[in-house]
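This report concerns only the one structure given below.
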Amino acid sequence: MNAEDPKYQAGEPLPLESLPSDVIISSDTRRENRIPPGQSRTRKWPILDAHGTPQIDRASWKLDVFGLVDQPYSLSLAEFQTLPRVKVYADFHCVTRWSRLGNMWEGVSTRTLLERAGVKPEARYVVCHAYDRGWTTNLPLADFLSNDALLADLHDGQPISADHGGPVRGMVPLLYAWKSAKWIRGIELSAYDKPGYWERGGYHNHGDPWTEERFSGWFS
Ligand SMILES: Nc1nc2c(c(=O)[nH]1)N[C@H]1C(S)=C(S)[C@@H](COP(=O)(O)O)O[C@H]1N2
Ligand SMILES: [Mo]
């Protein structure tokens, strides 16, 4: 802890054995070396986004789950907060080469959210839609349904601040951080892939940090 920056990490990440037994441990945190190639650890929590922090009124916040589902639905923030919750311990890797280790996220698992909608068998991709000018990111359904993926409203026990994507952000720890939508407002199921904001801008379509899927195209 640090008076000016409460998110500063002074020591080493917590030993996994010390985590409560109900915590889902992201598999990458079990690696002997938790820092992917070309990355380095930051002890801070940088703020990074394309368009700045949007104004979100908590009373009118909603999340839509739509596209190739049996039962599309919308949730208010109060409804979101009544769903069964999970805690996930995970690392976080931005393609600009910082990694923040040992984050404790809490919220609703993507599996819970999609089970409620009933995913149609043709659905193979997800598009996460966000409040910042319709920003999107795309990913395979299988990655979105990884056991450590969630929509989080708490980080290290505190509400996620607006700058970091609150009131609710996506978190898909096994991929680079741009696949984790801040200010998420919709989850769309699709049969085909629809490259999102950074993906259209030249970032890799998939984004595995361990094989450095940073950029796409001939220039990478
Ligand atoms: N809606 C939205 N989500 C986003 C982004 C964005 O521009 N808009 N940027 C992504 C990128 S590149 C990173 S590194 C992380 C940063 O999250 P942080 O600001 O909480 O560190 O958010 C990701 N999610
Ligand atoms: Mo990023």
## Note on the structure
Per the filter on the range 90-102, residues in a strand (DSSP E or B) and either closer than 23 Å to Pro140 by Cβ or acidic (Asp, Glu) (or both) are Ala90, Asp91, Phe92, His93, Ser99
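On the basis of being in contact with a strand residue (DSSP E or B) (Cβ under 6 Å, 6 or more places away or on another chain), open to solvent by less than 40 Å² (accessible area, probe 1.4 Å) and either farther than 16 Å from Asn103 by Cα or free of Cβ contacts under 8 Å to residues at least 12 places away in the same chain (or both), does Gly170 make the cut? Let's see the steps before the verdict.
On the way: in contact with a strand residue (DSSP E or B) (Cβ under 6 Å, 6 or more places away or on another chain): yes; open to solvent by less than 40 Å² (accessible area, probe 1.4 Å): yes; either farther than 16 Å from Asn103 by Cα or free of Cβ contacts under 8 Å to residues at least 12 places away in the same chain (or both): no.
For Gly170, the condition - in contact with a strand residue (DSSP E or B) (Cβ under 6 Å, 6 or more places away or on another chain), open to solvent by less than 40 Å² (accessible area, probe 1.4 Å) and either farther than 16 Å from Asn103 by Cα or free of Cβ contacts under 8 Å to residues at least 12 places away in the same chain (or both) - is not met.
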#### Entry: Residue list for the range 147-166, filter: within 16 Å of ligand 2 (Cβ to nearest atom) and either of a type in the set (Val, Ile, Thr) or not in a loop (DSSP other than H, G, I, E, B) (or both)
Asp163, His164
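Would you pick out the residues in the range 62-99 that are more than 16 Å from ligand 2 (Cβ to nearest atom) and on the phi > 0 side of the Ramachandran plot?
So in the range 62-99, the residues more than 16 Å from ligand 2 (Cβ to nearest atom) come out as 62-89.
Residue satisfying the conditions is Gly67 alone.
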### Query
Can you name every residue in the range 21-43 that is loosely packed, with under 13 Cβ neighbours inside 10 Å and either in a loop (DSSP other than H, G, I, E, B) or in contact (Cβ under 8 Å) with a residue 24 or more places away in the chain (or both)?
Ser21, Asp22, Arg31, Glu32, Asn33, Pro37, Gly38, Ser40
### Query
Considering only residues of the range 167-193 that are assigned to a strand (DSSP E or B) and within 16 Å of ligand 2 (Cβ to nearest atom), which is farthest from Ala149 (Cα to Cα)?
Ile184
### Task
For the range 116-136, state whether one or more residues are in a strand (DSSP E or B), within 16 Å of ligand 2 (Cβ to nearest atom), open to solvent by 10 Å² or more (accessible area, probe 1.4 Å) and touching a residue at least 60 places away in the same chain (Cβ under 8 Å).
yes
### Message
Just to be sure I understand, how many residues within the range 155-212 are touching a His at 6+ places or on another chain (Cβ under 8 Å) and among the basic types (Lys, Arg)?
### Response
2
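The values are calculated or read from the model by the stated rules, or taken from the named source; none is laboratory data. No experiment lies behind these values; they were computed from the predicted model shown. Every residue, glycine as well, gets a Cβ built from its backbone with ideal geometry; the counts of neighbours run over all protein chains shown. Ligands, DNA and RNA are excluded from the accessible area calculation, which covers all protein heavy atoms including side chains. Shrake-Rupley method; radii C 1.70, N 1.55, O 1.52, S 1.80 Å.
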